[in-house]
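These notes concern the structure reproduced below.
The values are calculated or read from the model by the stated rules, or taken from the named source; none is laboratory data. Being a predicted model, the structure only gives us computed values, none of them experimental. In this analysis, Cβ positions are derived from the backbone assuming ideal geometry, glycine residues included, and neighbour counts consider all displayed protein chains. Side chains are part of the model used for accessible areas, which takes the heavy atoms of the whole protein and leaves out ligands, DNA and RNA. Shrake-Rupley method; radii C 1.70, N 1.55, O 1.52, S 1.80 Å.
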Amino acid sequence: SDAICNFVICNDSSLRSQPIIFNPDFFVEKLRHEKPEVFTELVVSNITRLIDLPGTELAQLMGEEDPKLPGANSTASGFFRSLMSLKRKEKGVVFGSPLTEEGIAQVSQLIEYLHKNLRAEGLFRVPGNSIRQQILKDALNSGTDIDLDSGEFHSNDVATLLKMFLGELPEPLLTHKHFHAHLKIADLMLFDEKGNKTSTPDKERQIEALQLLFLILPAPNRSLLKLLLDLLYQTAKKQDKNKMSAHNLALMFAPHILWPRNVTANDLQENITKLNYGVTFMIKHSQKLFKAPVYIRECARLHYLGSRAHTSKDDLDLLTSSGSKELQPLKSQKRCRLDSCHQEETQQRTEEALKELFHHVHNMPDSAKKKKLIRQFNKHTTALTPGSDVPTSPAPRRTRSRSFSGLIKRKVLGTPVILERKSRDATPEPVRVSKENVQLLQKCGSPAHMPQEKLKSLDGQKEASCRRMRALLLSKDSSSL
């Protein structure tokens, strides 16, 4: 029951050749319908990463506050604003009512017909016949089937009726909550090398922001918006016949897609250029705007596969980078081997360079400068001397005896044993004797010429030390037992 996909074995050979339909947004749609709160939090967190939305505008986008729209506090309503509000009071089944799936099914007949008649010059700009439009409007409101291919209606009649349907909706197709976010998308610009903002639009970030905003639209709005933008995209592709470019189409549909209701052009005079540019951009890139970003797909897939869900694109980047941690020990070992090889090569090159320099100095004519350079060479160790090919390793250091016999020798004989060992290991050095020591030696002479009393005292001292050592041995044996 927890499986997402099941494999079905088909024995019908005629069906095996059919293409397999794969929806890359399957997990995205599943998360949207089953856990809308988690889905909205995931999308909005990425929207705020792209565009700067203050607290009030973010609350409006989330639906926590009523949107503050331009012209809402204006006391002068105006003739056009009152006229539009009066028209919307006459609600029908399709026209003037909130957007529903039933209304989209009726209006989709108009869109399907216009796809077949995109070559009419001035499409969406030239108005049709008002009588035919009213007949067609009544038929759509009643829910009866209409044969638009009968030749009774003109393409301009259908195009004008489609704009009328969008204009009579209670709110624009992109909803009032998204109004401020779309104004911020128009301000997304590229930065130069110094980090200064330029006047060139950042199209990649704008596309990504629109993809995210379209994901949190209500399902009916998103479905109709996709049908409408695809129609306008195909219309702009045939502008050589119908004379309607993407910009011209944006001027016709921006009031129905983005403009808040009950406002005029004077209310939007500061933002009307941004709104027209935004709709033009949507028409040109409509084929990319209804695909969820890759990181949203991956987050939704991980949510249903048992892994922890990630909340932003940056977290997903951290996930992909953490997957390579298992290879770090192997990489570090390889890096150590490369470093050691590099050090050996560097040392070899250094020695060769020193050899060449040494021969060059040796071939120089005798001078004070040559003697100075030779003295500098002599200061180096034998391992770096150019004359020695193989560096000599230092003599191994004698380890200090830790045995009990060594302890006895050190206790009995004292420093003479250490001095004797040093004399065996190291080369003898000339001993500097002061004048006073020479006179003292001359007076005392060798041990053979020493008085008998001094010899007896020395023998007594040795016997006493031997007795102490025997006592020490006995105490050591008793303690070991």
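For the pairs LYS30/LYS137; LYS241/LYS291; LYS116/LYS288, note any where the Cα-Cα span goes beyond 25 Å. From the list (LYS30/LYS137; LYS241/LYS291; LYS116/LYS288), the Cα-Cα distance tops 25 Å for LYS30/LYS137; LYS241/LYS291. Taking Cβ atoms as reference points and 14 Å as the exclusive limit, the residues near PHE214 contribute a net charge of +2, counting Lys and Arg as +1 and Asp and Glu as -1. From the alpha carbon centroid of the stretch 196-261 to that of the stretch 354-371 is 80 Å.
Which of the peptides 274-287, 24-37, 231-244 is most tightly packed, and how do the rest follow, judged by the mean count of other Cβ atoms within 10 Å per residue? Provide the component values of the computation, followed by the final result.
On the way: 274-287: 19.6, 24-37: 15.4, 231-244: 17.5.
In descending order of packing, they fall as 274-287, 231-244, 24-37.
Around ARG132, what is the net charge, scoring Lys/Arg as +1 and Asp/Glu as -1 over all other residues with Cβ under 13 Å from its Cβ? With Lys, Arg at +1 and Asp, Glu at -1, the neighbours total -2. A Cβ-based charge dipole, computed about the Cα centre of the stretch 87-228 with Lys and Arg at +1 and Asp and Glu at -1, lands at about 480 debye. Each Lys and Arg contributes +1 and each Asp and Glu -1, all at the Cβ; summed about the Cα centre of the stretch 200-273, the dipole is approximately 360 debye.
Ordering LEU173, LEU162, LEU190 by Cα displacement along the dipole of the stretch 111-199 toward the positive end leaves LEU190 in first place; charges were set at the Cβ atoms of Lys, Arg (+1) and Asp, Glu (-1). Mean separation of Cα pairs under 8 Å and 6+ residues apart, divided by the residue count of the stretch 91-217: what relative contact order is that in percent? Relative contact order of the stretch 91-217: 26 percent.
The packing ranking, built from the mean of other Cβ atoms within 10 Å per residue, places the peptides 117-125, 142-150 in the order 117-125, 142-150, highest first. In this simple spin-label approximation, THR273 and GLU101 carry label points 7 Å from Cα along the Cα→Cβ vector, and these lie 4.4 nm apart.
Counted by Cβ distance under 11 Å from TYR113, the other residues give a net charge of -3, where Lys and Arg count +1 and Asp and Glu count -1. Within the assembled protein chains, the solvent-accessible surface assigned to HIS360 is about 120 Å², based on a 1.4 Å probe.
For the stretch 271-286, backbone phi angles converted through the Karplus equation (6.51, -1.76, 1.60; θ = phi - 60°) give residue-by-residue couplings of 10, 5, 5, 5, 5, 5, 5, x, 5, 4, 5, 5, 5, 5, 10, 5 Hz, Gly and Pro being listed as x.
Over the stretch 109-199, the fraction of Cα-Cα pairs per 10 Å bin, rounded to whole percents and listed from the shortest bin up, is 14, 34, 20, 17, 10, 5, 0. Paramagnetic label reach from THR40 (point 7 Å along Cα→Cβ; backbone nitrogen cut-off under 17 Å): within the stretch 185-227, residues 212-222.
In terms of its C-alpha gyration tensor, the stretch 227-299 has an oblate overall shape, because the principal axis ratio a/c (a ≥ b ≥ c, square roots of the eigenvalues) is not below 1.5 and a/b does not outweigh b/c.
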